[in-house]
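Beneath this line is the structure, given in structure tokens, with notes to follow.
Read-outs: derived from the displayed coordinates by stated rules, not from any lab. What you see is a predicted model; the values in this text were computed from it and never measured. Cβ: placed from backbone, ideal geometry, glycine included. Neighbour counts: every protein chain shown.
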Amino acid sequence: MARATRRRLLAAAAGAAVVGSAGCLGGDRDAFRQAIGRRRDDRDEIPGTSVDALPDLEGDLTVYSGRSKGLVEPLLTHIDDRYDGFDLTVRFADPNALTNQLLEAGENTRADVFYSVHAPGTLGALLEADLTRPLSSETTDTVDARYRSGADWTGVSGRVRSVPYNTEQLDPGVIPASIYEFPDVERFRDDFGWDPVIPSFQASITAMRVIDGEETTRGWLEAMLELNPTAYSGGFSTCKSIADGEVSVGLTNHYHPRRVALSRDDPPLGREFTRDDPGTVFNVAGSAVLEAADDPALAEAFVRHLLSGEAQEYFAMAQTTEYPVVEAVPPHESLPSRTELAPPDVDFADLRDLEGTVELLKEYGLV
């Protein structure tokens, strides 16, 4: 089948766009630098494969990044600065918009690597269009099979959905263990916040569609809307509003309560997790080497740097406190271990249909 007929354009969620930029990395090169390669107090060495054991990076590389510039630019700058003969150019933009651009450009893209949130949807769309290049076992063997799509793309860091709440307004015992019981909690009426425009929320709805079907998903959305929830532009603003007492509980990624805690003194924020349902779906930001890469070996070596012990520690220890995908690197001490989490059993390949989820959310005026 011709590539042009296989393209599946992703619908960019309204209100979720961020300002894109292109060019060699600049800005505040000292931001979060202390978190890169930071050793924890109870260890003498970085776990996993150290960047010192990886091949040097040499040449020009262009990365399209569907990740927040403020969160990942310090790490990318650190990698760029490490090698005199390496010139890294990063374009930051909305992940769905970048996916669409890569699908439109095909083999004519200037990008060598795509690094994006909601990898099953964004990288999965490129895989479906035959625009990715398989990774070697040298790269994939470092990542648990649960966090990658075979050899087609690999997760780089993970996040899980959570239930933040205001500890001064709500007893955690009120929060059900199942997301499907949320509409039955009268206490949540006019007092619930969520972030339907972001890919992680949409991934949880995609998981709900996959696990329990379209009818159940529609029923849950309709029941939740009966609670008159407040929609926010992202998890940080949702958690900020919870801490401010505007709403008492909500749904966000696991790291947003800590981001609010880092921005103010002792906010009244707690965090719970549902169990074995789409409310605690585990999703990854990931990377793929593009078929059009000028130097595939360099592109894959860069991906391996994102999986190095130093980079995995950065994701675990920086403001995001994301879950490392390399088993040797534990998550931040404030988080449940990977084994303590109870995410639903869903294959990443089944989470590709972000477009169908966005269309569903549009029907209910959520995006």
With θ set to phi - 60°, apply the Karplus curve 6.51 cos²θ - 1.76 cosθ + 1.60 along region 275-290 and write out the HN-Hα couplings as whole Hz, x wherever there is a Gly or Pro.
10, 6, 8, x, x, 10, 4, 9, 10, 10, 8, x, 10, 9, 7, 7
So for each of 303-315, 180-192 I average, over its residues, the number of other beta carbons within 10 Å; can you give me the resulting order with the highest mean first?
303-315, 180-192
Could you point to the residue in Gln312, Val329, Ser241 farthest towards the positive end of region 222-367's charge dipole, with +1 and -1 charges on the Cβ of Lys/Arg and Asp/Glu respectively?
Ser241
Contour minus Cα-Cα span, Asp244 to Glu181, at 0.36 nm per residue, comes to 20.2 nm
Going toward the positive end of the dipole of the chain, with +1 on Lys and Arg Cβ and -1 on Asp and Glu Cβ, which of Gly70, Ala207, Leu170 do you reach last?
Gly70
Any idea how far the Cα center of region 238-304 sits from the one of region 91-121, in Å?
20
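How much length, in nm to one decimal, is gained on full extension between Asp84 and Asn228, taken as 0.36 nm per residue of separation minus their Cα-Cα distance?
Full-extension gain reported as 46.3 nm.
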FRET efficiency for Asp347 and Glu138, Cβ-Cβ distance as r, R0 = 25 Å, nearest 0.05?
0.55
Most mobile listed residue (Gly121, Gly234, Gly85) in the chain, GNM with C-alpha springs under 10 Å:
Gly85
Regarding the chain, what are the three Cα extents along the principal axes, ordered largest first, in Å?
60, 54, 34
Here the relative contact order (percent) of the chain, from C-alpha pairs under 8 Å and at least 6 apart, is 27
Per the C-alpha gyration tensor (a ≥ b ≥ c, the square roots of its eigenvalues), region 140-226 is rounded if a/c is under 1.5, else prolate if a/b beats b/c, else oblate; here it's prolate
Can you give the % of DSSP beta bridges in region 129-268 that are antiparallel, to the nearest 5?
55
Relative to the chain, whose Cα atoms define the longest principal axis, helix 199-212 and its Cα axis are tilted in degrees, nearest 10, by 70
Amide H contacts of Ala111 (H built 1.01 Å from N, under 5 Å, at least 5 apart or other chain):
none
Electrostatic dipole magnitude of the chain [Cβ: Lys, Arg +1; Asp, Glu -1; Cα centre; debye, to 20]:
440
Could you pull out every residue, at least 5 positions away or on a different chain, whose amide H is within less than 5 Å of the one on Asp295? Hs are placed 1.01 Å off N in the peptide plane, and Pro or chain starts have none.
none
FRET efficiency (Asp295, Thr339; Cβ distance; R0 56 Å; to 0.05) is 0.90
For region 245-367, rounded, prolate or oblate, judged on the Cα gyration tensor with a ≥ b ≥ c (square roots of eigenvalues), a/c < 1.5 rounded, else prolate if a/b > b/c?
oblate
Run through the DSSP bridge list for the chain and note the antiparallel percent, rounded to the nearest 5.
60
To the nearest 500 deg cm²/dmol, what mean residue ellipticity at 222 nm is calculated for the chain from DSSP H runs of n ≥ 4 alone, each contributing -39,500 (n - 2.57), summed and divided by the residues?
-9500 deg cm²/dmol
Once you put a point 7 Å from the Cα of Lys362 and another 7 Å from the Cα of Arg264, both along the Cβ direction, what distance in nm separates them?
3.6
In a Gaussian network model over the chain where Cα atoms closer than 10 Å are linked, find which of Glu104, Glu340, Glu322 has the largest mean-square fluctuation.
Glu340
Cα shape, region 169-295, gyration tensor, a/c 1.5 rule:
oblate
Charges at C-beta only: +1 for Lys and Arg, -1 for Asp and Glu. How large is the resulting dipole of region 60-151 about its Cα centre, in Debye rounded to 20?
300
